[in-house]
Amino acid sequence: MSSAASMPTEEIVRFLDDLRAAEAAAAEVLMAWIAVCALDGLRGGLRAIAEREASHAELLAERLRELGAPSNARLDPPVRAAALTRFGSPVVPDEEKLGLLLTRYPDDAAATRAISGVLERLDEDLETRELLRLVAEGESATLAWLRAYHAGLAVRRAPSAARR
């Protein structure tokens, strides 16, 4: 890889810790959604996604420990609380929750832009670079699945007689 400047270690650490906090919060919000999700197929997919988010958070925390850095970043409490309230609400329809996520991340680049920007600057730290590359792939896979599920929701919810 060629980049104008390598990323300073303190900037890498800050990025990893912020991403770790976001992944941990995402797992927590997804678990709240799973607890109230009315759609069996969506609930199954959300379980896999929540586990992947939690795994990403743990892998990032492990990498921070290897770099001798603490894991102390936290998602802004009001942002976290609002997400838990909305996605953990049994009265907000699952379709609306899906729509909110897909509006926030209309394409893979929207979810992976920050990671991609860091990848371009990780010439020296190959271990972190490849870890982040696979985290980004996981985020892309999550969005692809959510988009496909959302697109097929109307078909899956249609009465079986209408599909014949």
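The table for this structure:
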read-out: Test: residue in the range 90-105 that is within 18 Å of Ala136 (Cα to Cα) and either more than 14 Å from the chain's Cα centre (by Cα) or in a loop (DSSP other than H, G, I, E, B) (or both); value: yes
read-out: Residue, farthest from the chain's Cα centre (by Cα), within the range 106-130, restricted to residues that are surrounded by 13 or more Cβ atoms within 10 Å (Cβ to Cβ) and of a type in the set (A, V, I, L, M); value: Leu122
read-out: Check on Leu153, in a helix (DSSP H, G or I), among the aliphatic types (A, V, I, L, M), touching a helix residue (DSSP H, G or I) at 6+ places or on another chain (Cβ under 7 Å) and at pLDDT 95 or above; value: no
read-out: Some residue of the range 1-24 being farther than 19 Å from Leu122 by Cβ, surrounded by fewer than 17 Cβ atoms within 10 Å (Cβ to Cβ) and at pLDDT 95 or above; value: no
read-out: Qualifying residue in the range 31-38 (condition: assigned to a helix (DSSP H, G or I), out of contact with any helix residue (DSSP H, G or I) (no Cβ under 7 Å at 6 or more places or on another chain) and either crowded, with 18+ Cβ neighbours inside 10 Å or not polar (S, T, N, Q) (or both)); value: yes
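The values are calculated or read from the model by the stated rules, or taken from the named source; none is laboratory data. Source: prediction; values computed, not measured. Here Cβ is always computed from backbone atoms with ideal geometry, including for glycine, and neighbour counts include all displayed protein chains.
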